[in-house]
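Structure first, commentary second.
All of the numbers you see were taken from the coordinates with simple rules; none came from a lab. Note that the structure is predicted; figures quoted are calculated from it, not measured. FYI the Cβ positions are ideal-geometry reconstructions off the backbone, even for glycines, and counts take in every protein chain you see.
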Amino acid sequence: MQNWITSFMEEYGYIGIALIIALENVFPPIPSEIVLPFGGFMTTNSSLTVIGVIIAATIGSVAGAVILYGIGRALDVARLEKIIDRWGHILRIKKEDVHRADAWFDKYGYWTVLFCRMIPLVRSLISIPAGMSNMKFGLFLLFTTIGTVIWNTILVTVGAALGENWHSITNFMDIYSNIAYAVIAVAGICLIIWFVRRNKKASVK
């Protein structure tokens with residue numbers, strides 16, 4: 001996959017970068033930690049510029065995020081409630097749980113979108129709950145763009161600085177990704193434990 005990505009970017013330049021990054025957002029297995037540093041490296045041996053690569057990558061990233069946001073809007077809380085009506089007793093989830101999560105995202109969602117745009121894999125998927133919570137589209141675009149520009153700037157700049165050794169950043173990104181996923185997993189486990197305990201207390205009452 002890496003060879004195909006780099007060949008596509010070399011052939012189509014800024015347009016290729018924008019398209020690959022848009023696809024990376026909708027199809028997370030395409031790693032931005034390969035696309036962006038290589039885009040930075042391309043600025044050292046072609047007519048591409050660091051600013052141009054960052055802009056192209058940002059356009060592609062925001063376009064992909066908007067697609068996933070639209071998917072989230074199509075799902076929405078009402079559809080989730082129908083799923084819970086049917087399967088909630090198995091999943092041990094109640095409508096109230098969804099409403100609490102939705103209220104939490106309404107309160108902290110913008111900052112969540114901002115920071116999650118700098119975490120591999122999650123940076124793409126976070127657009128779905130943003131859409132499901134009916135986050136204001138303008139603010140979603142704003143925070144998505146800010147987080148995306150930070151992420152793109154770091155990786156493109158590092159790729160340009162490393163030059164032919166641009167791929168060495170992938171080792172660091174693997175470590176960063178593993179740490180981020182571990183933190184998310186622990187948070188998820190804690191949330192599940194909290195739900196189970198709260199439901200047990202409610203059943204006792």
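Given 0.36 nm per residue, what is the gain on full extension from residue 141 to residue 82 after removing their alpha carbon distance, in nm?
Working: separation 59, 0.36 × 59 = 21.24 nm, distance 2.89 nm.
Here the segment from residue 141 to residue 82 would lengthen by 18.4 nm.
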- Item | Relative packing of 35-44, 55-64, which averages over residues the other C-beta atoms within 10 Å, highest first | 35-44, 55-64
- Task: For segment 112-167, divide the Cα radius of gyration by the Kirkwood radius and give the resulting Rg/Rh value with two decimals.
- Result: 1.11
